[in-house]
There are 2 protein chains.
Amino acid sequence: MKTLRVPEATVTRLSIYSRYLERLDRNGVTTVSSGEIAEGVGVSPAQVRKDLAYFGEFGTRGVGYNVKDLMRYTKKILGLDQEWPLILVGAGNLGYALCTYKGFNSRGFKIVGVFDNDLTKIGKKIAELEVLPMEKMPEIIQEHKARIGIIAVPPRAAQDVADFMVKNGLEAILNFAPVALNLPEGIEIRNVDLSVKLEILTFNLGFKSAQRL
Amino acid sequence: MKTLRVPEATVTRLSIYSRYLERLDRNGVTTVSSGEIAEGVGVSPAQVRKDLAYFGEFGTRGVGYNVKDLMRYTKKILGLDQEWPLILVGAGNLGYALCTYKGFNSRGFKIVGVFDNDLTKIGKKIAELEVLPMEKMPEIIQEHKARIGIIAVPPRAAQDVADFMVKNGLEAILNFAPVALNLPEGIEIRNVDLSVKLEILTFNLGFKSAQRL
């Protein structure tokens, strides 16, 4: 069996290229060079070519890439040629924000169930969805064939929620709680730490101040 | 003037190492090897050594790194040896979530002003902060010597908010609106796209399914 090892940084950039191509397509642009993609997203042209080379031959020398084709292809590689139903746990502020987040729908992500164990939240509506008690999760997972869960609960509750998701068949978890989770082999987990990008800013601001001295 | 060019991916990983070191320190661990850091955060030991080498000589061969020293040093490099006051615009669900986000305080980030132009939101309290009208921003920026702004408004309002922030002296912006912003040279801007990490999950799930065939 052929195994393709693609660095996570490449997948991340592919996701960013793909979004940039969508934007070009919306604006009626039909062809684009690696240099233009590079400038549009802030990496080097060589990086763009190297990243795309993981997935085959694209573009025509001297002509560049067909925007629509490359956009479709990047989305297909990312698994975005289908809809992805998402299970969300945590009907707090972050949960509300995620349910109404405009950036999900456009990429084929759809939250199909919102769960909480707080009795004051269960039964309320977020967007079009009724907040359900945790024990309803297996039913919703099955109904929508969901594979991905999102954790938007306080840190102390996150491990229990993750265990419950895995027990009920979810295969991948996006964790917004600022805490490291222990999960069985084979479960894909990624943490969204909202302060990491802030620290890139502070690094750059600190560096700028040092240069001024 | 000596110019240090550090790749953004290195700064991102430094932020992740730093957090891992904090965790080790809280758990009473005093020394750690590059291999242990690598395993703890999911990169190669060579990558850890290469990243740290940008900033000088650390650790003792065969002994490893002193956890407390390396933690302090990584925080210093990231500019986290000081408090960073943050200006937040957008008192919607995401704004609420950011105000109560546990991951900020521990890294020295403190939201000092929340602004909105929605009259139904102005005057309400989020956490300890009263939501203020936009025109109060200059005063709060000056009072706290704030340099960083966070945008948590709908996509259509994001550019105006960014322009207003820059006009009032903010130097760096973290943008949660899923839209690309145009800003003058010299302003640091980073976008948090909440679906990028989801796409790493779908990439991996798609790859797993392909392997099963």
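The values are calculated or read from the model by the stated rules, or taken from the named source; none is laboratory data. Keep in mind that this is a model prediction, so the values were computed, not measured. As a convention, Cβ positions derive from the backbone with ideal geometry for all residues, glycine included, and neighbour counts pool all protein chains shown. The accessibility values were calculated without ligands, DNA or RNA, using every heavy atom of the protein model including side chains. Shrake-Rupley method; radii C 1.70, N 1.55, O 1.52, S 1.80 Å.
See the values below:
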read-out: Region A:2-87: C-alpha gyration tensor shape, a/c 1.5 cut-off, then a/b vs b/c; value: oblate
read-out: Rounded Å value of the spacing that divides the Cα centres of region A:1-54 and region B:65-93; value: 31 Å
read-out: Cβ charges +1 (Lys, Arg) and -1 (Asp, Glu), total dipole of region A:8-76, debye; value: 140 debye
read-out: Relative contact order, percent, chain B [alpha-carbon distance under 8 Å, six or more residues apart]; value: 13 percent
read-out: Sparse-neighbour loop sites [trypsin sites (Lys or Arg not before Pro); region A:2-70; at most 10 other C-beta within 10 Å; DSSP]; value: A:LYS2, A:ARG5, A:ARG61
read-out: Cα gyration tensor, the protein assembly as shown - rounded (a/c under 1.5), prolate or oblate; value: rounded
read-out: Portion, in percent, of the accessible area of chain A that falls on carbon or sulfur, probe 1.4 Å; value: 50 percent
read-out: In degrees, nearest ten, helix A:155-167 long axis to first principal axis of chain A (Cα); value: 90 degrees
read-out: Solvent-accessible area buried by B and A, counting both chains, probe 1.4 angstrom, square angstrom; value: 5700 Å²
read-out: Modelled FRET efficiency - R0 41 Å, B:ILE187 with B:SER33, Cβ distances, 0.05 increments; value: 0.55
read-out: Sites matching chymotrypsin sites (Phe, Trp or Tyr not before Pro) across region B:44-88 that sit in DSSP coil, with at most 14 neighbouring C-beta atoms within 10 Å; value: B:TYR54
read-out: Convex hull of chain B built on C-alpha atoms - directionally averaged projected area, nm²; value: 16.1 nm²
read-out: Relative contact order computed over region B:94-193 (Cα-Cα under 8 Å; 6+ residues apart), in percent; value: 19 percent
read-out: Region A:93-174: GluC sites (Glu not before Pro) in DSSP coil with no more than 15 other Cβ atoms inside 10 Å; value: A:GLU128
read-out: Cβ-based charge dipole, region A:8-76, positive-most Cα from A:SER15, A:GLN47, A:VAL63; value: A:SER15
read-out: Nearest-20 debye value, the protein assembly as shown charge dipole, Cβ charges on Lys, Arg, Asp, Glu; value: 740 debye
read-out: Region A:84-191: C-alpha gyration tensor shape, a/c 1.5 cut-off, then a/b vs b/c; value: rounded
read-out: Region A:124-146 versus region B:155-213: alpha-carbon centroid distance in Å; value: 28 Å
read-out: Summed residue charge, Cβ within 11 Å of B:PHE176's Cβ, Lys/Arg positive, Asp/Glu negative; value: +2
read-out: FRET efficiency, B:VAL6 to A:LYS68 (Cβ-Cβ, R0 45 Å, nearest 0.05); value: 0.80
read-out: Computed lengthening from B:SER44 to B:ASP25, 0.36 nm per intervening residue step minus Cα-Cα distance; value: 4.7 nm
read-out: Net dipole in debye of region B:33-167 [+1 Lys, Arg Cβ; -1 Asp, Glu Cβ; about Cα centre; nearest 20]; value: 280 debye
read-out: In degrees, nearest ten, helix A:196-212 long axis to first principal axis of chain A (Cα); value: 50 degrees
read-out: Cross-link table A:LYS125/B:LYS145; A:LYS197/B:LYS136; B:LYS50/B:LYS167; A:LYS208/B:LYS208, entries beyond 32 Å C-alpha to C-alpha; value: A:LYS125/B:LYS145; B:LYS50/B:LYS167; A:LYS208/B:LYS208
read-out: Shielding by partners - mean other protein chain Cβ count within 10 Å, residues of A:92-103; value: 6
read-out: Selection from B:LEU80, B:LEU174, B:GLN159, by position along the positive dipole direction of chain B (Cβ); value: B:LEU80
